[in-house]
Amino acid sequence: MTKLSQPSLADIRKWPATISIPQAAQALGCSKSYLHEAIKRGESPVKTIPFGSRRVVITADLVRLLSGEDREAS
């Protein structure tokens, strides 16, 4: 299996409004199974929303987390 390189923050800022959990895990430097489990426990470091039969990560929240910006209350 080839390890994918971790994207830069500049790359992530260019991504679509929502991304898959595996893509978000790559950006966070964790496994997709770890992120899936964190989401199931309600402990995800990024906001997710349902999209059909799956969940997607909100890219803007991922950018906020990786850039160290404060998370807005919602």
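For segment 55-73, a residue qualifies if it is farther than 24 Å from Ser5 by Cβ and touching a residue at least 24 places away in the same chain (Cβ under 8 Å), and exactly one does: Arg55. In segment 15-31, the residue that is surrounded by the most Cβ atoms within 10 Å (Cβ to Cβ) out of those that are in contact (Cβ under 8 Å) with a residue 24 or more places away in the chain and of a type in the set (Gly, Ala, Ser) is Ala24. Within segment 51-62, the set of residues being part of a strand (DSSP E or B) and either within 18 Å of Ile12 (Cα to Cα) or within 8 Å of the chain's Cα centre (by Cα) (or both) comprises Val56, Val57, Ile58. Among the residues of segment 7-50, the ones that are of a type in the set (Ser, Thr, Tyr) and assigned to a loop (DSSP other than H, G, I, E, B) come to 4 in all. Here Asp70 meets the list (1) out of contact with any Pro (no Cβ under 9 Å at 6 or more places or on another chain); (2) at pLDDT 95 or above almost entirely, failing just condition (2).
The values are calculated or read from the model by the stated rules, or taken from the named source; none is laboratory data. Keep in mind it's a predicted model, so treat the numbers as computed, not measured. Positions of Cβ are generated from backbone atoms using ideal geometry, with glycine treated the same way; all protein chains shown enter the neighbour counts.
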